[in-house]
């Protein structure tokens with residue numbers, strides 16, 4: 001009798017799994033259905049949800065619950081703490097040569113990957129030449145948005161420039177005031193047939209951005225500007241020079257993922273510029289802390305590639321979150337321009 005009951009239970013589990021899988025397959029094949037309603041994710045550049053041979057490879061599920069992030073030094077790095085005042089601070093870089101100290105001071109590491117000594121050498125970061133060439137009135141910085149639909153607390157959703165695209169325009173204006181000519185691409189890579197479709201946005205982005213870079217060989221810096229999505233009970237804001245200012249976070253994909261306890265290269269996601277990418281974000285985070293303490297949340301490391309393989313000085317930056325105001329975001333854009341200019345000029 002127990003065997004019969006056990007078999008019936010196993011059959012129920014089996015059929016339940018079959019039904020769920022079939023339902024998920026049907027949903028995922030419907031173009032008009034927003035999978036973002038089911039999962040919070042950051043799309044993986046180069047990873048179709050269905051692999052090249054029709055095999056499910058997987059989706060990078062970006063868990064927005066900070067308690068689920070595998071972090072060293074959680075008390076040392078304040079990710080979601082609202083502060084009333086920020087001030088510059090001098091960083092003793094020599095203390096960051098220890099990998100553990102470096103991680104605690106500067107990095108948030110997703111549990112899908114790891115920091116290793118071969119990639120994180122502070123001496124190499126500091127000696128990397130990140131300065132742009134002075135060769136006339138040509139564009140040096142390209143700003144774009146893989147996820148152009150991202151808005152803020154008081155944004156008008158019908159006005160593209162009320163969201164992250166507007167933040168990109170402000171960043172461009174402030175950089176150009178400093179003599180750094182920019183291109184701001186406002187193409188909507190996360191829109192298909194008039195609807196938001198995040199899956200595939202990184203793949204749709206790449207041909208356009210590569211064409212812009214080909215047409216403008218003077219560009220040396222590529223910025224993919226986003227905003228984060230966090231728990232509504234938290235807010236990424238600080239006060240700098242008396243102004244409420246959204247916090248920023250730098251982002252790197254390491255192209256290496258933990259597989260059964262081993263760190264392996266992510267298939268099809270090579271990035272020849274990874275050392276320069278890491279040096280770029282390290283120096284911007286360092287400079288942000290030196291100039292405006294509390295402005296940067298640190299550098300987030302994930303396993304994949306995103307848009308960071310386009311140039312040596314490529315970066316992905318999260319500016320604030322969905323519950324920041326436009327005022328806080330624009331103030332952040334002003335300070336970010338100062339940090340970038342300090343690093344590249």
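Here is how the numbers come out for the structure above:
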{"read-out": "Ranked by how many other beta carbons lie within 10 Å on average, peptides 192-198, 171-177 from highest", "value": "171-177, 192-198"}
{"read-out": "Calculated FRET efficiency for the pair residue 195/residue 91, C-beta based, R₀ 41 Å, to 0.05", "value": "0.35"}
{"read-out": "At R0 = 30 Å, FRET efficiency that the Cβ-Cβ distance of residue 159 and residue 203 yields, to 0.05", "value": "0.65"}
{"read-out": "Extension gain (nm, one decimal) between residue 129 and residue 270, 0.36 nm per residue minus Cα-Cα", "value": "48.5 nm"}
{"read-out": "Cα→Cβ-extended label distance, 7 Å offset, between residue 234 and residue 121, nm", "value": "3.4"}
{"read-out": "Neighbour-count ranking [beta-carbon atoms within 10 angstrom, fewest first] of 327, 220", "value": "327, 220"}
{"read-out": "Gain on full stretching of the segment that runs from residue 290 to residue 100 - 0.36 nm per residue minus C-alpha separation", "value": "66.3 nm"}
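Read-outs: derived from the displayed coordinates by stated rules, not from any lab. Because the structure is predicted, anything quoted here is derived from the model rather than measured. Every residue, glycine as well, gets a Cβ built from its backbone with ideal geometry; the counts of neighbours run over all protein chains shown.
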